[in-house]
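*Asks:* Okay, handing you the structure first.
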Amino acid sequence: MRPGEGGDDAAGFCTELAEAITAYVRRRGGQVSARYDRTTRLAITGLDAGELEAFVGTHRIQRIPTNDRRGRRHTSTATVALLGALEAGAVLLEDADLEVTYYRGRGKGGQHRNTTDSAVRVRHIPTGIVVTIENGRQQGQNLTRARAELLRRLSAREGAAIATARNTQRRSQITSGERPTKQWTWNEQRGEVLEHRSGRRYEMDAMLRGRVELN
């Protein structure tokens, strides 16, 4: 969940959405753990994704924010996306995927470094990533360092690929967080919530407490 337009009120609305969804999940026997940073993330288990799909999209709320001294009604928004859980997987280095070359080191380092094949060049064949280590005096030491650096680069590459895929998935669910774009409208004055896709209306208090049937 992310705040959209509306500044502080949008951020507050995002928190209220998190609490409403948390209540909805728990009333159906699911478990929720929350994490708050620049976005609001709920890790949900015990429910099928289909039971949560109705929340996906842009929610807008029409109300008078508590910090507006003039008593003007504002419209703020927040967006909700539904993403699968990340599976933690370690990157493995298979020897068959490595091309290892030994050669003599260059530059300063003493006679041993310049007269023995202690420097190491490791190429990861599937990705073409190349790591070269020349600092150590021993061949085995340099190979260990090269493998560690290659593993670090592959892990960073995989992490970036996962982040890109998840952002693409999120964008396919959320067109924008602007006010005209909406799947849900929360109207505090009338105390009701409208789901635009189905045309169904709910009492806002019931929505906040998770006491609704969305499917």
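*Asks:* Top mean-square fluctuation among 31, 141, 169, Gaussian network model of the chain, C-alpha springs under 10 Å?
*Replies:* In this elastic network of the chain, the residue with the biggest mean-square fluctuation among 31, 141, 169 is 141.
*Asks:* Helix 139-173 against the longest principal axis of the chain: what's the angle in degrees, Cα atoms only, rounded to the nearest 10?
*Replies:* Value to nearest ten degrees: 20.
*Asks:* Between residue 164 and residue 192, what FRET efficiency comes out of the Förster formula 1/(1 + (r/R0)^6) with R0 = 41 Å and r the beta carbon distance, rounded to 0.05?
*Replies:* Working: r = 39 Å, r/R0 = 0.95.
That pair, residue 192 with residue 164, gives E of 0.60.
*Asks:* Can you tell me which of 154, 92, 194 moves the most in a GNM of the chain? Springs connect C-alpha atoms under 10 Å apart.
*Replies:* Among 154, 92, 194, the largest GNM mean-square fluctuation belongs to 92.
*Asks:* Which one, 196, 208, 164, is farthest towards the positive end of the dipole of the range 164-215 when Lys and Arg carry +1 and Asp and Glu -1 on their Cβ?
*Replies:* The listed residue farthest towards the positive side: 164.
*Asks:* About its Cα centre, what dipole magnitude does the range 1-61 give when the only charges are +1 on Lys and Arg Cβ and -1 on Asp and Glu Cβ, stated in debye to the nearest 20?
*Replies:* So the magnitude is around 200 debye.
*Asks:* Keeping every protein chain present and rolling a 1.4 Å probe, give me the accessible area per residue for the chain in Å².
*Replies:* Working: 13010 Å² over 215 residues.
With the other protein chains kept in place, the chain gives 60 Å² per residue.
*Asks:* How far is helix 7-27 tilted off the main Cα axis of the chain, in degrees rounded to 10, range 0 to 90?
*Replies:* 90 degrees
*Asks:* When the accessible area of the chain is computed with all protein chains present and a 1.4 Å probe, what percentage of it is carbon and sulfur?
*Replies:* Values: 5940 of 13010 Å².
For the chain, the apolar C and S fraction of the accessible surface comes to 46 percent.
The values are calculated or read from the model by the stated rules, or taken from the named source; none is laboratory data. Bear in mind the structure is a predicted one, so any value in this text is a computation, not a measurement. A quick note on method: Cβ atoms are made from the backbone with ideal geometry, for glycine too, and the neighbour counts reach across all protein chains shown. All accessible areas refer to the heavy atoms of the entire protein, side chains included, with ligands and DNA or RNA removed. Shrake-Rupley method; radii C 1.70, N 1.55, O 1.52, S 1.80 Å.
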